[in-house]
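Worksheet: one structure, shown below.
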Amino acid sequence: MNRIVKGDKVRVISGKFKSKEGLVLSVNPKEGTAIVEGINKIKRHEKPNQKNNNKGGIIEKEAPIIFSKLALVVDNAPNGISKISFKIANGKKVRISKKTKAELKGTSKK
């Protein structure tokens with residue numbers, strides 16, 4: 001299980017988009033990257049095609065950001081962000097906030 005999963009609210013902690021927040025749209029654990037809504041937007045020139053889009057042209061979309069530049073936003077934590085640890089409870093691997101010691105959503109089976 002990853003420390004950051006789809007649907008988490010994260011804050012960028014370094015780089016060009018420092019201190020901006022958004023929801024994680026997708027995660028690529030092999031590359032260690034995540035796509036965050038509204039952050040790290042790039043422009044791509046695309047040809048018209050029937051599969052993806054009919055018009056083509058210059059399309060603006062989000063590019064991946066490395067996990068190390070992201071911090072999870074936790075409601076009750078000081079500064080609003082927290083590191084993540086893991087714990088096994090009732091045979092399931094659970095994400096835990098290190099600052100608040102609270103269990104986080106988005107857990108999976110061991």
Seminar exercise, completed: Binned at 5 Å starting from 0, the alpha-carbon pair-distance distribution of the chain in whole percents comes out as 2, 12, 18, 19, 17, 12, 7, 5, 5, 2, 0
Exercise. Which value, in nm² and rounded to one decimal, describes the direction-averaged projected area of the C-alpha convex hull of the range 42-91?
Worked result: 7.4 nm²
For this session: Arrange the peptides 88-96, 33-41, 71-79 so that the one whose residues have, on average, the most other Cβ atoms within 10 Å appears first.
Result: 33-41, 71-79, 88-96
Exercise. With each pseudo-label sitting 7 Å past Cα toward Cβ, what's the residue 9-residue 87 distance in nm, one decimal?
Worked result: 2.3 nm
Problem set entry | Mean separation of Cα contacts under 8 Å, 6 or more apart, over the residue count of the chain: relative contact order % | 21 percent
Exercise. At residue 103 and residue 19, where each label point lies 7 Å from the Cα along Cα→Cβ, what is the point-to-point distance in nanometres?
Worked result: 3.6 nm
For this session: Give, as a single signed number, the net charge of other residues whose beta carbon lies under 15 Å from the beta carbon of residue 40, with Lys and Arg counted +1 and Asp and Glu -1.
Result: +4
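Readers should treat all values here as calculations from the given coordinates under stated rules, not as data from a laboratory. The shown structure was predicted, so the numbers you read here are calculated from the model rather than taken from an experiment. Don't worry about glycine lacking a Cβ; one is built from the backbone with ideal geometry, like all the others, and counts go over all protein chains shown.
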